[in-house]
Amino acid sequence: MAKSSSFTDVSSGGEYFYFADGGYTASGSGKLIDVLNPVDGSVLGRTQAIIRRELDAVIESAWRQFPCWRDTPLRERAELLHRAARIMEREADALADILCDEIAKPLKSAREEIVRTAEIFDFTAEDALRLEGETKFSDVFAQQKRDKISLSYRVPLGVVLAIGPFNYPFNLTGTKIAPALAGGNACIVKPPSAGAMTCLYFGAILREAGLPPGVLSIVTGKGEEIGDYIVSHPGISMIAFTGSSSTARRIASKASMVPLLFELGGKDAALVLPDADLELTASQIVSGAFSYSGQRCTAVKRVLVFEDNAHALVERITALASKLAVGPPRGNPVISALISPAQCGYVQGLIDDALEKGATLLCGNRREGNVLHPTVLDHVTTDMRVAWEEPFGPVLPVMRVKSLAEAIDISNRSEYGLQGSIFTGDINSAINIAMQLDVGTVQINSKTQRGPDHFPFMGTKSSGLGTQGTRYSIEAMTRMKSIVLNLSEKGKVELACSAG
């Protein structure tokens, strides 16, 4: 990375430092964590494995700085986020270069992730300025006089813990940092092991933007040392997490009584009705299923299609999937290496199980290192693992259904409930079906996807807790507080009311 003057202390000789009290420092543990290139397994860099007493110091520092940041005028907090956004845009190429290597994200998509995060910072700053409280009078109840007034407004929670995922480590960490800071909180970031190097630059970005030391910290470490410790720490006021449902359950079981905001996995189904535009449908499904090698919580993860037009749809999907570019991430392919050999093996296991139980292979099922070629499976049935388990890889199962009731039942039987898609030319049918799907969001005639980022984003069941989106995230990271004015009779004038 061609470092700007404010970024020179983030790393040295491939060693990345953690960010605390406005500066980067090495851990006293002397231990480092290797960050591996998903393409060839080479070591890209090493991050610090901090220990618990260092984490304690970070949390103490956050609480020391919290009152001053809380009392900083909202307009000043918003302006700081705007300045941070401009720095992200300035450094987008350099940050994308690191992100591309770190998680095998196509270079073009990596740059888009940085720029999108800058836009989120801008919009979060503006949404923060538009938050309003409310005033209520007491006399709406029959036994109450008009002698009390409630003035309600939002206040920060304290110290927010932000834990991002490997697949969008910069963006989905930024969606937590921006609302936390806009709401007046201090924020501690625990990046994913893969993606940590890029995340560490948030410290330098916000420091240059003018954030006071201690308001933001970024800590890296091993789960067995600081994982359970940080989520159960009494100094943490709220946890915002994006990742797997299994990890979320562990966090929830360890966390004390603090608010949780979880964005988790999905098994998003595309329901294709007989009157769907098959060209549009196939294009949207392939894009939704295979972009970034299928490593997206909102990826299309199964297709439910009526027998009558299944063949025509499958033919189109297979033709498009077979033409997807596969290769190293710097070549901007659709399909590149999965994040790890273990993940590659897991996806391969789902494919093997389906084929053993009678699924039809239409394309793919070819592996080169950590690269799995886009795989389409037809005639997938409910006894196959791939019908229910989230692959997080480039495999698309097609399930043929005989009725709308069957399609809705299969969609809703999933443990997940993130999103779903309905493809049809009948808007009435689409809305009626959408209201029967047990998911957070239903896309009509489009692939499942997150955004625009001011839209509400949420999941049901094992797909999440709470609602995200610029304004919704600020609300989740703040709480209502009321001041009640108890009025006396002083100054009150009794008016005689005419009877007619």
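Among 170, 202, sorting on how many other beta-carbon atoms sit within 10 Å of each Cβ, with the fewest leading, yields 202, 170.
A cut-off under 15 angstrom between Cβ atoms defines the neighbours of residue 63, and their net charge, with Lys, Arg +1 and Asp, Glu -1, is -2.
Estimated from helices alone, the mean residue ellipticity of the chain at 222 nm is -11000 deg cm²/dmol (sum of -39500 (n - 2.57) over DSSP H runs with n ≥ 4, per residue). Database remark: amide H of residue 18 closer than 5 angstrom to the amide H of 25, 27, 48 (H placed geometrically; neighbours at sequence offset of 5 or more, or on other chains; Pro and chain starts carry no H). If the segment from residue 280 to residue 253 were pulled out straight at 0.36 nm per residue, it would be longer than the present Cα-Cα gap by 5.4 nm.
Applied to region 259-266, the Karplus parametrisation 6.51 cos²θ - 1.76 cosθ + 1.60 on θ = phi - 60° returns per-residue 3J(HN,Hα) values of x, 10, 10, 10, 10, 10, x, x Hz, with x for Gly and Pro.
When DSSP beta bridges are restricted to pairs lying wholly in region 269-444, around 25% turn out antiparallel. Separation of region 409-432 and region 176-220 by C-alpha centroid, Å? Each part's Cα centre sits 37 Å from the other's. As a proxy for reagent exposure, ranking 198, 381, 298 by other Cβ atoms within 10 Å from fewest up yields 381, 298, 198.
Backbone amide hydrogens, once placed in the peptide plane, bring residue 221 within less than 5 Å of 50, excluding anything fewer than 5 places away on its chain. Pairs of Cα atoms nearer than 8 Å and 6+ residues apart set the relative contact order; for the chain it is 17 percent. Among the listed values [x] 22, 48, 26, 4, 0; [y] 22, 50, 23, 4, 0; [z] 25, 57, 17, 0, the one computed from these coordinates for P(r) over Cα pairs in 20 Å bins from 0, in percent is [y].
Within the set 136/481; 222/461; 301/447; 357/461; 176/447, which residue pairs have Cα atoms separated by over 21 Å? Listed pairs above 21 Å: 222/461; 357/461; 176/447. What share of the DSSP beta bridges in the chain is antiparallel, in percent to the nearest 5? Given both bridge residues lie in the chain, the antiparallel proportion sits at roughly 50 percent. The spacing between region 463-500 and region 292-337, judged by their C-alpha centroids, is 50 Å.
Each value in this text was obtained by applying a stated rule to the coordinates, not by laboratory testing. Predicted model only: the values in this text are computed from it and were never measured. We place every Cβ from the backbone using ideal geometry, glycine too, and count neighbours over all the protein chains shown.
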